[in-house]
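Below you'll find the structure, written out as structure tokens, and then a few comments.
The values are calculated or read from the model by the stated rules, or taken from the named source; none is laboratory data. As the structure is a computational prediction, the values presented were derived from the model and not from experiment. Methodologically, a virtual Cβ is constructed for each residue, glycine included, from the backbone with ideal geometry; neighbour enumeration extends over all protein chains shown. Just so you know, the surface numbers come from the protein's heavy atoms only, side chains and all, with ligands and any DNA or RNA stripped out. Shrake-Rupley method; radii C 1.70, N 1.55, O 1.52, S 1.80 Å.
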Amino acid sequence: MKIFHPSKTVKLDVPLVSSKSESNRALIIQASAKETIELGNISKARDTQTMMRLLASNDETLDVLDAGTTMRFLTAYVTANNRKTIMTGTARMQERPIGILVDALRSLGAEVEYLKNDGYPPHKINGFTQKTDTVSIRGDVSSQYISALLLVGPTLPQGIKLVLEGTVASKPYIMMTLSLMERFGVKYTWEDNTITVAPQEYKAGNYTIESDWSGASYWYSIAALSEEADIKIMHLREDSLQGDKAIVEIMEQLGVKSTFEADGVRLTKTEKAEKFFFDFTHCPDLAQTIVSLVAALGMEGRMIGLQSLRIKETDRIAALQNEIKKLGLEIEVIGDEEIIVPAGGISIDGQTIHTYEDHRMAMAFAPLSILGELNIDEPEVVAKSYPSYWEDLTAAGFKIED
């Protein structure tokens, strides 16, 4: 798919998709509650729609396709409900680790067996009888393992006492989980490295899902690269629970100012810094957008805290290295958690960006087409999190041709 922007000027109000992260957590809470919980503005992202479909299913085998959050949350949910269930997914999903979560569930009393490779889906839950309330889990790999356990914690006979080992990554996502649980009446304590949730019931209520700050990041990139920009992203909150609201702080270095209004946030251009640095430990889903943007702006940049990118929909660090090289710039990768972008910039003249079946690769590189014509392969991958992405870009003046 060919994409370019003739005028390089972007002025519009962006409706934006609702948050997949909030939606998926709220759906588990809703399914776990005995009282009625009403949810508004549920995400239309494929991952969330998959979650809704599988929560309503009584099938023994649940196929999450390529939805990592759905795999992790549902594994904990069906275990807590003592459902004999086979959890499976796409070939790539079967390469994404689940062992840390399964080990934690086993220590609580779950009987889980791997059907192919130890530590990876597919796996089968054979039963659950809680034998302890205390479980230790690494805090530095994926916060989704922690959130999965917390969401089902209040429904367990003994509750849960979660001991986090080492550095805690993506802490805002854990706080989002706990805040949503609290919104529906669940009390918790977090002292030092231990989160404790007593056995209790989720209470009735209603909640409207916020727009998606991850999706907003692509519009920040568009604003930074445009010659002129006046973009208002609708229904984002200054007091957001989402960790990816960090994009506001990040983009202050990259030449975009955020002004919160009653019904959203307005983006305008401002001066950018000489060099860029940020630690993405707590917001790794923003990394692809920012690495590609820093390269496009010709800035020198250093990004750390990227360790979880290796186990996402693809190896995102390798993917960024490969695709930015096509644009004439070699980024340096140090270990599994650091990227150095040299100054100098990129050149865009019709190259094809491979997306690796990863929605964020497509959406992170598309804004670069303001600088010149790009081709995006497998553009349909955006359905995973932002189904209306190409329609919204068209409304912003991008020209898209099959």
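Are any residues in segment 304-339 surrounded by 19 or more Cβ atoms within 10 Å (Cβ to Cβ), free of Cβ contacts under 8 Å to residues at least 60 places away in the same chain, within 16 Å of the chain's Cα centre (by Cα) and not in a helix (DSSP H, G or I), and if so, which ones?
Leu306
So, in segment 187-202, how many residues would count as being β-branched (Val, Ile, Thr), open to solvent by less than 50 Å² (accessible area, probe 1.4 Å) and farther than 21 Å from Ser308 by Cβ? Before you say what the answer is, go through the steps one by one.
Residues of segment 187-202 β-branched (Val, Ile, Thr): 189, 194-197.
Pick out the ones that are also open to solvent by less than 50 Å² (accessible area, probe 1.4 Å) and you get 194-197.
From what is left, the residues that are farther than 21 Å from Ser308 by Cβ are 194, 196-197.
The number of residues fulfilling the criteria is 3.
Somewhere in segment 122-141, is a residue touching a Ser or Thr at 6+ places or on another chain (Cβ under 7 Å), in a loop (DSSP other than H, G, I, E, B) and within 22 Å of Asp239 (Cβ to Cβ)?
There is no residue in segment 122-141 that is touching a Ser or Thr at 6+ places or on another chain (Cβ under 7 Å), in a loop (DSSP other than H, G, I, E, B) and within 22 Å of Asp239 (Cβ to Cβ).
Would you check if Glu238 is charged (D, E, K, R), within 30 Å of Leu368 (Cβ to Cβ) and in a loop (DSSP other than H, G, I, E, B)? I'd like the intermediate steps shown before the answer.
Details: charged (D, E, K, R): yes; within 30 Å of Leu368 (Cβ to Cβ): yes; in a loop (DSSP other than H, G, I, E, B): yes.
Against the criterion (charged (D, E, K, R), within 30 Å of Leu368 (Cβ to Cβ) and in a loop (DSSP other than H, G, I, E, B)), Glu238 qualifies.
Looking at segment 167-186, which of the residues that are among the β-branched types (Val, Ile, Thr) and open to solvent by less than 10 Å² (accessible area, probe 1.4 Å) is farthest from Asp212 (Cα to Cα)? Don't jump to the end; show me each part of the working.
Going residue by residue through segment 167-186, those that are among the β-branched types (Val, Ile, Thr) are 167-168, 174, 177, 186.
When the remaining residues are screened for being open to solvent by less than 10 Å² (accessible area, probe 1.4 Å), the result is 174, 177, 186.
Details: Ile174: 17, Thr177: 15, Val186: 24 Å.
Top of the filtered list is Val186.
(1) open to solvent by less than 20 Å² (accessible area, probe 1.4 Å); (2) out of contact with any Pro (no Cβ under 7 Å at 6 or more places or on another chain): which one isn't true of Ile98, the others all being true?
It fails just one condition, (2).
Quick one: which of Val186, Val112 is part of a loop (DSSP other than H, G, I, E, B) and touching a residue at least 24 places away in the same chain (Cβ under 8 Å)? Working first, answer last.
Numbers: Val112 fails: part of a loop (DSSP other than H, G, I, E, B).
The match here is Val186.
Of the residues that sit in segment 190-221 and are out of contact with any Phe, Trp or Tyr (no Cβ under 9 Å at 6 or more places or on another chain) and part of a helix (DSSP H, G or I), which one is nearest to Val168 (Cα to Cα)?
Going through the qualifying residues, I end up with Trp213.
Right, Gly215: among the small types (Gly, Ala, Ser) and over 30 Å from Pro15 (Cβ atoms) or not? Before you say what the answer is, go through the steps one by one.
Numbers: among the small types (Gly, Ala, Ser): yes; over 30 Å from Pro15 (Cβ atoms): no.
Spelling it out, it is not the case that Gly215 is among the small types (Gly, Ala, Ser) and over 30 Å from Pro15 (Cβ atoms).
Looking only at segment 150-177, count how many residues are assigned to a strand (DSSP E or B) and either touching a helix residue (DSSP H, G or I) at 6+ places or on another chain (Cβ under 7 Å) or of a type outside the set (D, E, K, R) (or both).
Going residue by residue through segment 150-177, those that are assigned to a strand (DSSP E or B) are 160-165.
So of that shortlist, the ones also either touching a helix residue (DSSP H, G or I) at 6+ places or on another chain (Cβ under 7 Å) or of a type outside the set (D, E, K, R) (or both) come out as 160, 162-164.
Looking only at that region, the number is 4.
Confirm whether Ile290 is surrounded by fewer than 24 Cβ atoms within 10 Å (Cβ to Cβ), within 23 Å of Ala223 (Cβ to Cβ) and in contact with a helix residue (DSSP H, G or I) (Cβ under 9 Å, 6 or more places away or on another chain).
Working: surrounded by fewer than 24 Cβ atoms within 10 Å (Cβ to Cβ): no; within 23 Å of Ala223 (Cβ to Cβ): yes; in contact with a helix residue (DSSP H, G or I) (Cβ under 9 Å, 6 or more places away or on another chain): yes.
No; evaluated as a whole, the condition is false for this residue.
Determine which single condition Ala91 fails, assuming it passes every other condition in (1) under 23 Å from Tyr356 (Cβ atoms); (2) surrounded by 15 or more Cβ atoms within 10 Å (Cβ to Cβ).
Answer for Ala91: the failing condition is (2).
Of the residues in segment 101-134, how many are of a type in the set (Val, Ile, Thr) and surrounded by fewer than 18 Cβ atoms within 10 Å (Cβ to Cβ)?
We begin by selecting, within segment 101-134, every residue of a type in the set (Val, Ile, Thr); these are 102, 112, 125, 129, 132, 134.
Adding the requirement that they be surrounded by fewer than 18 Cβ atoms within 10 Å (Cβ to Cβ) leaves 129, 132, 134.
Final tally of qualifying residues: 3.
Consider Leu162 against the criteria (1) surrounded by fewer than 19 Cβ atoms within 10 Å (Cβ to Cβ); (2) more than 20 Å from the chain's Cα centre (by Cα); (3) free of Cβ contacts under 8 Å to residues at least 40 places away in the same chain: it satisfies all of them except one. Which criterion is unmet?
For Leu162, the failing item is (1).
Could you list, in sequence order, the residues of segment 91-109 that are within 20 Å of Ala80 (Cβ to Cβ), free of Cβ contacts under 8 Å to residues at least 40 places away in the same chain and either assigned to a loop (DSSP other than H, G, I, E, B) or β-branched (Val, Ile, Thr) (or both)?
Residues satisfying the conditions are Ile98, Val102, Gly109.
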